[in-house]
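Below is one structure, written out as structure tokens; the observations come after it.
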Amino acid sequence: MELRQLGRSGVRVSRLGLGTMTWGRDTDEHEAAEQLRFYLDAGGNFIDTAAVYGNGDAERVLGGFLGVMAPRDQIIIATKAGISFKSGERVVDNSRTSLIADLDRSLSHLRTDYVDLWQIHTWDENTPLEEVLSALDYAVSTGRARHVGISNFAGWQLARAVTLQNPIFGKAPIISTQNEYSLLNRKVEREILPASRELGVGVLAWSPLGRGVLTGKYRSGLPSDSRGASPHFSS
């Protein structure tokens, strides 16, 4: 599989990444292992997860595979922090304390000392951006994360965050942004893609197949093993 440089970093990731949002929940360990085996055999090396996926179960499942199905140093692990669910309600908390606590839990779940890419999962209007970014610096300076990125930021939010994290001033540079991008959702073409190109930030597209719609599997009803049939995504 083709490898591509991620932003202006030295990280080279496979053109296709493997998402783990359903692991440990709708996708059990055996199915997850099969997905990972096919992906690695195809030459993939980039696996994306998040602290909130399955309330940590996705990371736990992935952590059980590291060093077993592939050497840790041959896999690029990306995770995200800042979102949780409390009493069924989605909560965004990008305070420094919360983000670092998320990262430490992720490392424990993944059974690793570091992640290759640590991302802020989404924008938090209640936390000053400078505080959010200080957590990125801390993660890199302490060796918990090799590189840092953001996710689901708007164009102006991306530009401000990247500008504040200028490595000239000793900051941990933001090397990537992760946003939804598919033939069904092309909003990133307005601001995110031009801004990323200008700022030298890599773009990671999530849900490139439109949550499975673009695979064509919904043409004759709702497959029982699809996201559309899952109680976690149907509401």
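Read-outs throughout are calculated quantities, based only on the coordinates presented, and are distinct from any laboratory measurement. This is a predicted model, so every value here is computed, not measured. A quick note on method: Cβ atoms are made from the backbone with ideal geometry, for glycine too, and the neighbour counts reach across all protein chains shown.
Given R₀ = 22 Å, FRET efficiency for Val213-Met69 by Cβ-Cβ distance, to 0.05? So the FRET efficiency works out to roughly 0.15. Extension gain for the segment Lys86 to Arg197, taken as residue separation times 0.36 nm less the Cα-Cα distance, is 36.3 nm to one decimal. Both radii were evaluated on the Cα set of segment 25-67; the Rg over Rh quotient, with Rh as the Kirkwood radius, amounts to 0.95.
Would you pull out the residues with amide H under 5 Å of Gly7's amide H, same chain only if 5 or more places away, H placed 1.01 Å from N? So Gly7 has HN proximity to Gly202, Val203. Using the average count of surrounding beta-carbon atoms within 10 Å as a protection proxy, the listed peptides 177-186, 146-155 rank, highest first, as 146-155, 177-186.
For every helix of n ≥ 4 consecutive DSSP H residues, a contribution of -39,500 (n - 2.57) applies; sum these over the chain, divide by its total residues, and give [θ] at 222 nm rounded to the nearest 500 deg cm²/dmol.
On the way: 6 runs with 68 residues, N = 235.
When only DSSP H runs of four or more count, the value is -9000 deg cm²/dmol.
Only one residue of His121, Ile175, Ala50 has its Cα farthest out toward the positive end of the dipole of the chain, where Lys and Arg carry +1 and Asp and Glu -1 on Cβ, and that residue is Ile175.
The angle between the Cα long axis of helix 129-141 and the main principal axis of the chain comes to about 80°, on a 0 to 90 degree scale. Counting 0.36 nm for each residue step from Ser95 to Asp28 and taking away their Cα separation leaves a gain of 20.9 nm.
Here Glu131 and Lys187 are evaluated by their C-beta separation; at R0 = 35 Å the FRET efficiency comes out at 0.80.
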